Amino acid sequence: MASVDDLDESAKEILKINIVELPESVAPFLCYKDDIKYRDAINNLVSIDIGGGTTDIVFIKDGKKAEYVTSFRFAANSIFGLGENITPIVFKYQSEIEQIIENNDPLFKLRNILKSITGSISGDLASFFFSLSDNEMLKNVEINFNSMLKKDNNQKLVFV
């Protein structure tokens with residue numbers, strides 16, 4: 001993959017002219033602001049982008065400009081984990097999902113994948129759990145991490 005350093009000087013100048021730095025949370029507004037279908041919807045809005053590492057928020061007033069933009073480090077990695085410690089929300093469903101996989105003989109490939117990541121990185125385990133809802137091997141078995149999280153939406157989770 002080429003980098004900016006691989007470009008000749010004229011290409012670097014063109015790149016400098018055409019690159020506009022802006023907060024990530026403003027990008028959706030710029031994408032839709034000139035589309036007639038969305039003009040009324042984005043006139044006054046709050047956009048909240050919850051990513052892996054940060055949550056970005058922008059307030060748009062009168063469909064013209066970002067009045068307020070902020071970003072803070074609380075997002076999916078804080079909830080589902082990035083480091084080696086298993087977060088409470090992943091731990092809560094880990095044994096249930098492991099049991100479903102262990103009790104179904106046709107899922108031996110998934111069993112091996114699960115064993116290879118169990119006890120390693122919480123984020124990897126959470127990503128694996130989310131991927132199960134679209135897994136072809138699970139046509140006859142219901143494992144949906146999203147649904148598990150939704151059914152417990154009245155319970156409070158404590159993060160330490």
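Above 29 Å lies some portion of the pair distances; for the chain, what is it as a whole percent of all C-alpha pairs? Working shown, then result.
Values: 5946 of 12720 pairs.
In whole percent, the long-distance tail amounts to 47.
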For every other residue with a beta carbon closer than 12 angstrom to the beta carbon of N144, add +1 if it is Lys or Arg and -1 if Asp or Glu, then tell me the sum.
-1
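In deg cm²/dmol and to the nearest 500, what is the mean residue ellipticity at 222 nm of the chain if only DSSP H runs of at least 4 residues count, each as -39500 (n - 2.57), divided by the residue total?
Working: 7 runs with 63 residues, N = 160.
So the calculated ellipticity at 222 nm is -11000 deg cm²/dmol.
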Under a Cβ-only charge scheme (Lys and Arg +1, Asp and Glu -1), can you give me the dipole magnitude of the chain about the Cα centre, in debye to the nearest 20?
640 debye
Any idea what angle helix 9-18 forms with the longest principal axis of the chain, computed on alpha-carbon atoms, 0 to 90 degrees, nearest 10?
90 degrees
Against the longest principal axis of the chain, how steep is helix 108-117, in degrees 0 to 90 to the nearest 10, with axes from Cα atoms?
60 degrees
Angle in degrees between helix 88-102 and the longest Cα principal axis of the chain, rounded to the nearest 10:
50 degrees
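Rule-based calculations on the coordinates, nothing more; no lab input. The model shown is predicted, which means the values in this text are computed figures rather than measured ones. Glycine gets a Cβ as well: all are built from the backbone with ideal geometry, and neighbour counts include every protein chain shown.
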